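Student: Let me begin by handing over the structure; questions about it come next.
The values are calculated or read from the model by the stated rules, or taken from the named source; none is laboratory data. All of these numbers come straight from a predicted model, not from anything done at the bench. Please note: Cβ atoms are built from the backbone with ideal geometry, for glycine as well, and neighbour counts cover all protein chains shown. The protein model used for the area step is the full one, side chains on, heavy atoms only, and it has no ligands, DNA or RNA in it. Shrake-Rupley method; radii C 1.70, N 1.55, O 1.52, S 1.80 Å.
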Amino acid sequence: MSGLNCVVHSPLAHFKLDLELSVEPGITILLGPNGAGKSSFLRLLSGLTQPSSGLIKLGERTLFDSANGIDLPPEQRRIGMVFQDLALFPHLNVNGNIGFGMKVRGSGRVERQKRTAHLLDILNIAHLAERSVTSLSGGERQKVALARSLTTDPELLLLDEPTAALDPTARGEIRDWLRSVLVKLNIPTLLVTHEVEEVAYFRKRVAVIERGQIVQHGSFHQLLSEPTTEFIAQVVGVNYIPGEVTEVAGKQVFRSKGGLTFIAPFEQVKPGPACLTIYPWDVAVYRNLPEGSPRNHLHGRVKDVVLRGDRVRMTLVAEDKLVAELSVRGYQALGEPQPGARLWAVFKARESRIENFQE
Amino acid sequence: MKKPRLFNLFLAVNGLLLGLLIMLPILALLLASSPVEIMKLLVDPEVLTATWITLLSSFCALPLMFLLGLPSAYGLARCRGRLRRSLEVLLELPMVMPPVVAGLALLLAFGRRGLFGELFSNLGIRVTFTLGAVVLGIVFIVTPFFVRRCTVLFDGVDKKLEEAALILGATPWQAFLYVVLPVVKRGLFAELIMAVAQSVGLFGAIVMFAGNLPGRTQTLSLAIYSSFESDPQQAFALGTLLLLISLLLLAAVHMLAPRDRRL
């Protein structure tokens, strides 16, 4: 049996952490609002702090067992962790940072250089080897931090908000990179985030944590179809349209369960059950369908209008449901449509994402 | 042009006065002796011995200060709350103690008739009126300052760096040696030189505890005091010499100290 199995209880400042969680090989996302206890949980797992009671097992090894007085120090747990602020060693260059874990475990210089070079190669960052870590961009620093955590052959990988500190452009790039690397590695990985977007991107097993407790744990699709708390309901704000990919005259199209036809980037999709997702801010809304628009569209009735800060969220219902998010100015330009109004929701094929169901 | 505000003017005048207060005596000292006189001192065997004792005792005290002070500073930096405040007060005690009183206290602890005097004399060790006493006096007075400033250095090290090292498999010893120390390296060197600069000028505690014995415990500061009674002109030259040594050390501190980018 590989992977992490844990039950921990620990008092925090404002509430108690009571968690039971298992993490199998592959990515599990731990989603929760700020201050839900996510980082505290990672610290307990890595051994930086101790739970008041509980049991933490990684594969066959017991890392912590309050009943039997077992508490392995962090350096013996074989857990890789990437801190939110990365904590790269400022006095070492990229090679030095990555080689650190091997050096303190006593491997020789030659072996260290070989493994570091190999790892840099796998992660596609060989060109950074001699750079000072203070001169790297945010995305590059993220890559180096992950590389560093991999050198000790961790049996569990903990990533604390890996894209939170990045600017939007780098964020997309790092996400793609992370996904490809993590799929290749297949180590049990717990990716912590407070961002719904991240969950929508990775679409893996998700555990949702609120006030120190796991409130929902299951596949991304379960989370979308049966949200159990208001926080999770926000996740549903990402438009999620179940349906099927079929071939019509040699070309792939997506037919929603409601019966609408959409096109999307189909590169990695096979005919069969699938779902299409589109972010609300990528959905445009019009009174009249723009001329010659080759884009996906839905003609629906406004079900509700919610003002959120300087953004307006509008739900349009027809054969399917689409949530659009627009600026207040955009909403006013539309003439401030009220529930019941009929409008066109339009989105570009390349901004949507399509994926076969994987339960 | 914008009219200067009264308050800013007040600050400027104030600063100017303080600057004068610092610079005038230094200028007076430099004017009181000539380079020729200072050069003459450098071939005087008595002065050379005093200089040698000054530097020797300071540099002997340095490793003791380092070994005793550095782990203490690191430990203190990791303490929080009431414990930390109590330990800091303990550290401030020797700092506020008048140096002469510190000398007396040292004498009463380690002197021949002091608390541990009998123990030491049974072991055949005599502390008072030896170079060892000079070193002990320096360690007693300067280490608390050194610890205090190093604590600030360690406080500035991101705790996450150490935690990252632990998770990567380092023992706490390794994390300290390979991560924390290299990160504060420059600042630490600066603090060590600062400690030497401070040691070089000690007077009160040394004169009480180690005595003023030319050739054995007489440092430059003590030599200035002695010669001031017989030959003031030589005292001025000696003072200038000591000042130059201190200035050199101060320059070294500023070359090494990590600059605060916010300023």
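Student: Condition first: assigned to a strand (DSSP E or B), within 17 Å of A:Val208 (Cβ to Cβ) and open to solvent by 10 Å² or more (accessible area, probe 1.4 Å). Now tell me which residues in the stretch A:1-26 satisfy that.
Tutor: A:Asp18, A:Glu20, A:Ser22
Student: Next question, about the same structure. Can you name the residue in the stretch A:37-55 that is small (Gly, Ala, Ser) and touching a Pro at 6+ places or on another chain (Cβ under 9 Å) and, of all such residues, is most open to solvent (accessible area, probe 1.4 Å)? Reasoning before the result, please.
Tutor: Quick first cut of the stretch A:37-55, residues small (Gly, Ala, Ser) only: A:37, A:39-40, A:46-47, A:52-54.
Checking which are touching a Pro at 6+ places or on another chain (Cβ under 9 Å) leaves us with A:46-47, A:52.
Details: A:Ser46: 2, A:Gly47: 5, A:Ser52: 75 Å².
Residue satisfying both the conditions and the ranking: A:Ser52.
Student: To continue, here is another question. Identify, by number, the condition in (1) among the aliphatic types (A, V, I, L, M); (2) buried (at least 17 other Cβ atoms within 10 Å of the Cβ); (3) in contact (Cβ under 8 Å) with a residue 40 or more places away in the chain that B:Leu243 doesn't meet.
Tutor: That leaves (2) as the condition not met.
Student: Then there is this: So A:His91 clears everything in (1) within 14 Å of chain B (Cβ to nearest Cβ); (2) farther than 19 Å from B:Trp173 by Cα; (3) open to solvent by 50 Å² or more (accessible area, probe 1.4 Å); (4) assigned to a loop (DSSP other than H, G, I, E, B) except one condition, right? Which one?
Tutor: The number of the failed condition is (2).
Student: Something else: Of everything in the stretch B:205-222 that's open to solvent by 10 Å² or more (accessible area, probe 1.4 Å) and of a type in the set (Gly, Ala, Ser), which residue is nearest to the chain's Cα centre (by Cα)?
Tutor: Among residues in the stretch B:205-222 that are open to solvent by 10 Å² or more (accessible area, probe 1.4 Å) and of a type in the set (Gly, Ala, Ser), the one nearest to the chain's Cα centre (by Cα) is B:Ser221.
Student: So, one more: Take B:Ala235 and decide whether it is within 20 Å of A:Pro90 (Cα to Cα) and more than 14 Å from chain A (Cβ to nearest Cβ). Spell out the reasoning first.
Tutor: Numbers: within 20 Å of A:Pro90 (Cα to Cα): no; more than 14 Å from chain A (Cβ to nearest Cβ): yes.
It is false that B:Ala235 is within 20 Å of A:Pro90 (Cα to Cα) and more than 14 Å from chain A (Cβ to nearest Cβ).
Student: Scan (1) free of Cβ contacts under 8 Å to residues at least 60 places away in the same chain; (2) under 29 Å from the mean Cα position of the chain (by Cα) for the single condition B:Val147 breaks and write down its number.
Tutor: Among (1) free of Cβ contacts under 8 Å to residues at least 60 places away in the same chain; (2) under 29 Å from the mean Cα position of the chain (by Cα), B:Val147 violates only (1).
Student: Moving on. Need a quick list: helices (runs of 4 or more DSSP H) entirely within the stretch B:34-144 having at least 3 residues that are within 30 Å of B:Pro182 (Cβ to Cβ). Give the steps one after another, and end with the answer.
Tutor: Details: elements: B:35-41, B:45-78, B:81-96, B:99-110, B:117-122.
Hits in the stretch B:34-144: B:45-78, B:81-96.
Student: Restricting to the stretch B:147-189, name every residue that is open to solvent by less than 20 Å² (accessible area, probe 1.4 Å) and not in a helix (DSSP H, G or I). Spell out the reasoning first.
Tutor: Step one: list which residues in the stretch B:147-189 are open to solvent by less than 20 Å² (accessible area, probe 1.4 Å), which gives B:147, B:150-151, B:154, B:161, B:163-165, B:167-170, B:175, B:179-180, B:184, B:187-188.
Of everything in the stretch B:147-189, those that are open to solvent by less than 20 Å² (accessible area, probe 1.4 Å) and not in a helix (DSSP H, G or I) turn out to be B:Leu168, B:Gly169, B:Ala170.
Yes/no per residue for (1) in contact (Cβ under 8 Å) with a residue 12 or more places away in the chain; (2) more than 8 Å from chain B (Cβ to nearest Cβ); (3) open to solvent by less than 50 Å² (accessible area, probe 1.4 Å); (4) within 26 Å of the chain's Cα centre (by Cα):
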position	(1), (2), (3), (4)
A:Thr62	no, yes, yes, no
A:Ser66	yes, yes, no, no
A:Asp71	yes, yes, no, no
A:Pro74	yes, no, yes, yes
A:Met81	yes, no, yes, yes
A:Asp85	yes, no, no, yes
A:Phe100	yes, no, yes, no
A:Lys103	no, no, no, no
A:Gly106	no, yes, no, no
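Student: Quick check on A:Leu58: is it farther than 13 Å from B:Ile167 by Cβ, touching a residue at least 24 places away in the same chain (Cβ under 8 Å), buried (at least 22 other Cβ atoms within 10 Å of the Cβ) and in contact with a helix residue (DSSP H, G or I) (Cβ under 8 Å, 6 or more places away or on another chain)? Talk me through it step by step, then tell me what you get.
Tutor: Numbers: farther than 13 Å from B:Ile167 by Cβ: yes; touching a residue at least 24 places away in the same chain (Cβ under 8 Å): yes; buried (at least 22 other Cβ atoms within 10 Å of the Cβ): yes; in contact with a helix residue (DSSP H, G or I) (Cβ under 8 Å, 6 or more places away or on another chain): no.
No.
Student: Please list, ordered by residue number, the helices (runs of 4 or more DSSP H) wholly in the stretch A:118-208 having 2 or more residues that are more than 14 Å from every other protein chain (Cβ to nearest Cβ), of a type in the set (A, V, I, L, M, F, W, C) and closer than 25 Å to A:Leu45 by Cα. Walk me through how you get there before you give the answer.
Tutor: Working: elements: A:138-150, A:168-185, A:196-202.
Helices (runs of 4 or more DSSP H) meeting the threshold: A:168-185, A:196-202.
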